[in-house]
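A short write-up of the structure that comes next.
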Amino acid sequence: MCGIVGYIGNGEASQIIINSLKKLEYRGYDSAGIALIDDNGNTALYKEEGEISNLELILPAITSHIGIGHTRWATHGKPITKNAHPHSSGNISLVHNGIIENYMELKEELVLEGYEFSSDTDTEVLAHLVKKYYTGDLHTALRTALGYVHGSYALAVLSKDHPDELIAARKDSPLIIGMGDHENFIASDIPAVLEYTKRVIYIDNFELVSVKQDSIQVFDLEGNHKKKEEHIIEWDPEAAEKAGYSHFMLKEIHEQTNSIHETMLGRLHELEGDVIFDELGLSRAQISQIQRIEIIACGTSYNAGLLGKYLFEKLAGIHTDVDSASEFRYSSPVITPGTLVMAITQSGETADTLAAVHEATYYECKTLAITNVVGSTISRDASSTIYTRAGPEIGVAASKSFTSQVVVLYLLAILFARVRYTMDADKAQQLQSELRKIPGHVRQILENERSIQKCALKFAKTNDYFFIGRNINYPIALEGALKLKEISYIHAEGYAAGELKHGPLALITKDVPVVAIAPQGHTYDKILSNIKEVKARDASVIAIADMDDTEIKKYVDAVLPIPKTDEILSPILSSVVVQLLAYYTALELNCSIDKPRNLAKSVTVE
Ligand code: AGP
């Protein structure tokens, strides 16, 4: 997730902007840049790949009192200097956090009109659009440009024709204004300004802000004035990085209302029931000819892959196998050129997954990476790459990166099914419209967080936990168990519920809580039987079930409800519940949640 900063005031702009950008480092970034208007009225622009310290090395001493800065977390275009922000057109420079969904068509039009592009980013179209509509009034130019843009943005704009003003705007990406004494700030998040001021204004969607040294004015997109409330921030700097949450993991669980939306942005075309993945690198003919899919991944990404198997087989009729990358690399895989090898890895750096991709490449088949990190090693090694766009994840336990991986798999399954004529447009449209509701459903689950916490507290002192599910819910049983053991250190097993009687039932006693993933669907009666099976052994059962399910309450000790959705999409919602259950159990046990013992975020060794 990019970080944006703007400063205007009596202070030394370059130092303040660099300092503020450093406070946004926790958001993750791969390059940084700054644009300043110096005291002679000239614009100075510097950008550099890698750490902010690299940018500092090339930044000369400039006396300036107005500027904008950016840390980039790449979504379009590699993490290299030319793609770093600010982007400029004429006298206008801007920094952007978000995704311009329709940038390709806008770019084509701008190129035809003679605009030259020097980056591969979606953001550069914005700079040219503002320039195109500029006739002396920067506000009107920005408002007009934004009228042509689909997607999300938080922006800070600087022009040497207006050296006493910065303009900011927001839609679906975070933006705040910090109010100081004869100085004001624009930022993506509060930590950036906390050293200078505790007075902030939260900017809402479709608001445009004029930021001058001694004034802040907020407008709607029609140019009407808006009154805004000022807030005093009492957080310490560490709490501010976590936006007031006690852990990054909890913050990241909450961010799923937005990250899932970002994953889908620009990829769903409900009218035709189609899915667009420009980066897929497979023609319709190649998709039709896929004979088998082989998914390779580790840990949570493996669990996402298992869910993918159900989707590709059920929706698109493509036989799919899922292997742990660490096993695959030493096996004797039967891979033909008709096999599509899919490697799922949030970090893009997992050593076993990279080795498995190298192994697959040997068989001359197509390799498709699904990763969260633009420019990661896997994106260079695989034939093509789809980015999950979950934003950086700091907590070692994967949460938002998992749901975004899963959403990419849903979209791919719909795409493959449409191309292979195993799904008609009506069904695709219906699934897509249900998918669009998922962020709202996640919000509803988060509103019920306290009851999940209560349930976690009740069972936190146990030594063992079981998670059971059937069919498409089985991967969530595995993921629930993995999440719980990873951060709470409680032994947990994830099982296909039908397998219980083949051994593990011997372990079920009154001291073993069992989480049953049980939304309504074609295996609902079967999981109810499994619930009765474990209840007969005196186990306590926590059911993750549909909100309107009154039947299940009769058989279980607690119900953690999820909103009603298409049966096939319910695993996304159940996964948020198991994340919260693991989180609150670990919290109760006072565990090191963001950095569990013995584990690393990126497993770069075998
Ligand atoms: C997830 O909570 C774990 N931290 C771990 O299982 C992780 O998913 C695994 O190491 C794979 O990582 P990757 O997605 O970066 O390849």
From the residues in the stretch 219-247 that are more than 22 Å from A169 (Cβ to Cβ), small (G, A, S) and part of a loop (DSSP other than H, G, I, E, B), which one is modelled with the lowest pLDDT?
G244
Residue in the stretch 547-573 that is least open to solvent (accessible area, probe 1.4 Å), counting only those that are without any contact (Cβ under 8 Å) to a residue 40 or more places away in the chain and β-branched (V, I, T)
I552
Checking M342 against (1) touching a Leu at 6+ places or on another chain (Cβ under 7 Å); (2) within 14 Å of the ligand (Cβ to nearest atom); (3) in a helix (DSSP H, G or I), only one condition comes out false. Which one?
(3)
Out of Y410, Y421, Y465, report the one residue that is without any contact (Cβ under 8 Å) to a residue 60 or more places away in the chain and in the same structural domain as A304 (by TED's automatic domain parsing).
Y421
So, in the stretch 345-372, of the ones that are near the ligand (Cβ under 10 Å from one of its atoms) and either touching an Asp or Glu at 6+ places or on another chain (Cβ under 6 Å) or not polar (S, T, N, Q) (or both), which residue ends up most open to solvent (accessible area, probe 1.4 Å)?
E349
Filter result for I253 (open to solvent by less than 20 Å² (accessible area, probe 1.4 Å), more than 27 Å from N102 (Cα to Cα) and not acidic (D, E)):
yes
Which condition from (1) assigned to a loop (DSSP other than H, G, I, E, B); (2) more than 22 Å from A413 (Cβ to Cβ); (3) among the basic types (K, R); (4) more than 21 Å from the chain's Cα centre (by Cα) is the one that K553 breaks?
(1)
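Quick one: is L94 open to solvent by less than 10 Å² (accessible area, probe 1.4 Å) and over 26 Å from F185 (Cβ atoms)?
For L94, the condition - open to solvent by less than 10 Å² (accessible area, probe 1.4 Å) and over 26 Å from F185 (Cβ atoms) - is not met.
Quick grid of which residues meet (1) within 24 Å of V209 (Cβ to Cβ); (2) under 21 Å from the mean Cα position of the chain (by Cα); (3) open to solvent by 10 Å² or more (accessible area, probe 1.4 Å); (4) free of Cβ contacts under 8 Å to residues at least 40 places away in the same chain:
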residue	(1), (2), (3), (4)
A35	yes, no, no, no
T43	yes, no, yes, no
I52	no, no, no, yes
T81	no, no, yes, no
I99	yes, yes, no, no
M104	no, no, yes, no
E109	no, no, yes, yes
Please go through the stretch 111-131 and pick out each residue that is in contact (Cβ under 8 Å) with a residue 24 or more places away in the chain and open to solvent by 60 Å² or more (accessible area, probe 1.4 Å).
S118, D120, K131
Pick from E479, E434: which is in the same structural domain as G308 (by TED's automatic domain parsing), under 20 Å from Y310 (Cα atoms) and of a type outside the set (K, R)?
E434
Sort out which residues of the stretch 47-102 are more than 22 Å from L166 (Cβ to Cβ) and polar (S, T, N, Q), and write them in order of number.
S53, N54, T75, T81, N83, N102
Residue hits (the stretch 452-481; in contact with a strand residue (DSSP E or B) (Cβ under 7 Å, 6 or more places away or on another chain) and hydrophobic (A, V, I, L, M, F, W, C)) are I452, C455, F466, F467, I468, I476, A477, L478, A481
I544 fails exactly one of the following numbered conditions: (1) in a strand (DSSP E or B); (2) open to solvent by 10 Å² or more (accessible area, probe 1.4 Å). What is the number of that condition?
(2)
Which of the numbered conditions does K485 fail, given that it passes all the others? Conditions: (1) at pLDDT below 95; (2) more than 30 Å from L265 (Cα to Cα).
(1)
Can you tell me which residue is surrounded by the fewest Cβ atoms within 10 Å (Cβ to Cβ) among those in the stretch 151-173 that are at pLDDT below 95 and touching a helix residue (DSSP H, G or I) at 6+ places or on another chain (Cβ under 9 Å)?
D172
Which one of these does S331 not meet: (1) among the small types (G, A, S); (2) over 27 Å from the mean Cα position of the chain (by Cα); (3) within 16 Å of the ligand (Cβ to nearest atom)?
(3)
Looking at the structure I just gave you, is P519 in contact with an Asp or Glu (Cβ under 6 Å, 6 or more places away or on another chain), buried (at least 23 other Cβ atoms within 10 Å of the Cβ) and at pLDDT 95 or above?
yes
Taking the stretch 22-33 and keeping only residues that are under 13 Å from N54 (Cα atoms) and either at pLDDT below 90 or surrounded by fewer than 24 Cβ atoms within 10 Å (Cβ to Cβ) (or both), one is left with K22, Y29, D30
Looking at the stretch 167-179, I want the residues that are on the phi > 0 side of the Ramachandran plot and have a partner that is buried (at least 24 other Cβ atoms within 10 Å of the Cβ) with Cβ atoms under 7 Å, at least 6 apart or on another chain. Which pairs are those?
D172/G98
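Need at least 3 residues that are over 13 Å from A417 (Cα atoms) and either within 16 Å of the ligand (Cβ to nearest atom) or in contact with a Lys or Arg (Cβ under 9 Å, 6 or more places away or on another chain) (or both) per element, so show me which helices (runs of 4 or more DSSP H) inside the stretch 248-327 make the cut, counting only ones lying wholly within it.
Fully inside the stretch 248-327 and qualifying: 248-254, 256-264, 299-316.
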Being assigned to a loop (DSSP other than H, G, I, E, B) and either open to solvent by 50 Å² or more (accessible area, probe 1.4 Å) or not charged (D, E, K, R) (or both): is that true of T71 here?
no
Just need a number here: residues in the stretch 574-599 that are within 18 Å of C298 (Cβ to Cβ), open to solvent by 60 Å² or more (accessible area, probe 1.4 Å) and in contact (Cβ under 8 Å) with a residue 12 or more places away in the chain.
1
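The values are calculated or read from the model by the stated rules, or taken from the named source; none is laboratory data. Predicted model, so just to flag it, every value in this text is computed and none were measured. Methodologically, a virtual Cβ is constructed for each residue, glycine included, from the backbone with ideal geometry; neighbour enumeration extends over all protein chains shown. Accessible surface is based on the protein model in full, side chains and every heavy atom, while ligands, DNA and RNA are left aside. Shrake-Rupley method; radii C 1.70, N 1.55, O 1.52, S 1.80 Å.
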